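Coordinate-derived values only; no laboratory data. For clarity, every value in this text was computed on a predicted model and none was experimentally measured. Every residue, glycine as well, gets a Cβ built from its backbone with ideal geometry; the counts of neighbours run over all protein chains shown.
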2 protein chains.
Amino acid sequence: MSKKIEIEKKVLSENDRIAAEIRKELKKRRIVSLNLVSSPGSGKTSLLEKTLAALKNEIRMALIAGDVQTENDANRLINAGGEAVRPIVTGGACHLDARMAEKAIASINLEGIELLFIENVGNLVCPSSYDLGEDMKVALISTTEGDDKPLKYPAMFRRASVIVINKIDLLGLSDFDMAKVKKNALQINGGLKIFEISCRTGDGLNEWYNWLRSLTGRQ
Amino acid sequence: MSKKIEIEKKVLSENDRIAAEIRKELKKRRIVSLNLVSSPGSGKTSLLEKTLAALKNEIRMALIAGDVQTENDANRLINAGGEAVRPIVTGGACHLDARMAEKAIASINLEGIELLFIENVGNLVCPSSYDLGEDMKVALISTTEGDDKPLKYPAMFRRASVIVINKIDLLGLSDFDMAKVKKNALQINGGLKIFEISCRTGDGLNEWYNWLRSLTGRQ
């Protein structure tokens, strides 16, 4: 085993240990947590902005927004009415790890929080390897990225529980084939729950909101 | 310095050594090489398909297509008429490194080749750190990804010489502001050459082709 691989294994096992602690703490507090992963520009921040606006008077939410160099996403979420929003600037790292998540979570008053969103760095490869203690990974893809993405980035779709297909308002303006992308995704992971939405027009968002309500025991 | 950072430094310095050898070999043969980087789904493969179709009777091109798990992109390029196309399956790695590029290049008959395209793994973070011996990095962004990308992924735009803004046929269907993205990109790297194109409609592609012609001493 090369030195590099050996060290990577140690880093991942240390990550898993911290992730397990996060999971235990969140379970104890009955906080449901979702780790949002996608390519840059698929619409993670837009979806969270819409979700905050729609549900903030109903569900108490906390948000952690990871970014390589800026706090831009976290600032967008604060502007959208997020109360408990924490930026994580990874300083060049291509993914969040459990230690970063642990530190950000520790800085939030979790009393009464029901739902925790973790917005990962925009990257379809690296974040798939790092457990952050979340209940589920939610992978976004947008119709403008092409319907081949599940086949090309299988690790991410295998480890996700949910996929959100965004920008359905642009269907028909590219070669994106909705039936094909679903078939490809389900071929990799037959248990995937799939939402089809447009953050721009609002189409499909009610199903997403209802699912979040159900996660927090509301429906 | 942590053990992990120390090993990463060694890996990068070994990478730079191999990249320098590649660069020397390509220079000797007067082959111009471009390393295409972008988010997944920005249109790297589509742009190369169009370029092959338009210029294959004029310029002798070789192509290396990196992908995490499949050879899908390389197969698309072969179908588009590429002669010297080599897939690199990284086996989960989030970027190409110089050793992978060296191996792929060594398997190509470079006699008479004028232009070498390296299509990197779809990822706006990790490929920015790995020199592959190329003359220039070409970063693609698509209008549907949002105009904030240069600010959020500055390393990539700092190290690129060229940016290609794809999917201009979808301008006006999102909040993408062309003037803003250019301003943001030039703020990070004032020397960037910028193309605006649509692979779907063909708009702007002639300027791109003419630039490739000029790189190979044709205009």
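Brief remarks on what is shown
- In a residue-by-residue description of region A:90-103, the property of being acidic (D, E) and within 21 Å of A:V164 (Cβ to Cβ) applies to no position.
- Unique match (being among the hydroxyl-bearing types (S, T, Y) and under 21 Å from B:M156 (Cβ atoms)) among B:T70, B:T90: B:T90
- Candidate set from region B:166-196 (those that are within 13 Å of B:A139 (Cβ to Cβ) and in contact (Cβ under 8 Å) with a residue 40 or more places away in the chain); member that is nearest to the chain's Cα centre (by Cα): B:N166
- Cβ pairs under 9 Å, 6+ apart, first in region B:92-111 and under 18 Å from B:E134 (Cβ atoms) and more than 14 Å from every other protein chain (Cβ to nearest Cβ), second among the hydrophobic types (A, V, I, L, M, F, W, C) and part of a loop (DSSP other than H, G, I, E, B): B:A98/B:L132; B:M100/B:A93; B:M100/B:L132; B:A101/B:L132; B:E102/B:L132; B:A104/B:L96; B:L110/B:I31
- When residues in region A:190-199 are screened for being more than 14 Å from chain B (Cβ to nearest Cβ) and either assigned to a helix (DSSP H, G or I) or within 27 Å of B:T201 (Cα to Cα) (or both), 2 of them pass.
- Within region A:112-131, the set of residues being over 16 Å from A:S33 (Cα atoms) and out of contact with any strand residue (DSSP E or B) (no Cβ under 9 Å at 6 or more places or on another chain) comprises A:V125, A:C126, A:S129.
- Test: residue in region B:68-84 that is facing chain A (nearest Cβ under 10 Å), crowded, with 19+ Cβ neighbours inside 10 Å and in contact with a Phe, Trp or Tyr (Cβ under 9 Å, 6 or more places away or on another chain): yes
- Pick from region B:120-135, criterion under 20 Å from B:A84 (Cα atoms) and more than 12 Å from chain A (Cβ to nearest Cβ), ranking: surrounded by the fewest Cβ atoms within 10 Å (Cβ to Cβ): B:D135
- Filtering region A:164-189 to residues that are part of a strand (DSSP E or B) and within 14 Å of chain B (Cβ to nearest Cβ) leaves A:I165, A:N166.
- Candidates are the residues of region A:197-217 that are over 28 Å from A:R30 (Cα atoms) and among the charged types (D, E, K, R); the one that is surrounded by the fewest Cβ atoms within 10 Å (Cβ to Cβ) is A:D203.
- Residue in region A:136-154 that is surrounded by the fewest Cβ atoms within 10 Å (Cβ to Cβ), counting only those that are part of a helix (DSSP H, G or I) and at the interface with chain B (Cβ under 7 Å from one of its Cβ atoms): A:L151
- Which listed residue, of B:Y130, B:Y153, is of a type in the set (S, T, Y) and in contact with an Asp or Glu (Cβ under 7 Å, 6 or more places away or on another chain): B:Y130
- Test: residue in region B:34-43 that is within 14 Å of chain A (Cβ to nearest Cβ) and farther than 30 Å from A:G43 by Cβ: no
- Residue count, region A:150-176 (criterion: of a type in the set (A, V, I, L, M, F, W, C) and farther than 17 Å from A:S198 by Cα): 5
- Any chance A:L55 is in contact with a helix residue (DSSP H, G or I) (Cβ under 7 Å, 6 or more places away or on another chain) and buried (at least 23 other Cβ atoms within 10 Å of the Cβ): no
- For beta carbons closer than 8 Å, sequence separation of 6+ or different chains, a first residue in region B:1-30 that is within 14 Å of chain A (Cβ to nearest Cβ) and touching a residue at least 12 places away in the same chain (Cβ under 8 Å) and a second that is of a type in the set (A, V, I, L, M, F, W, C) and surrounded by 13 or more Cβ atoms within 10 Å (Cβ to Cβ), the qualifying pairs are B:N15/B:A98.
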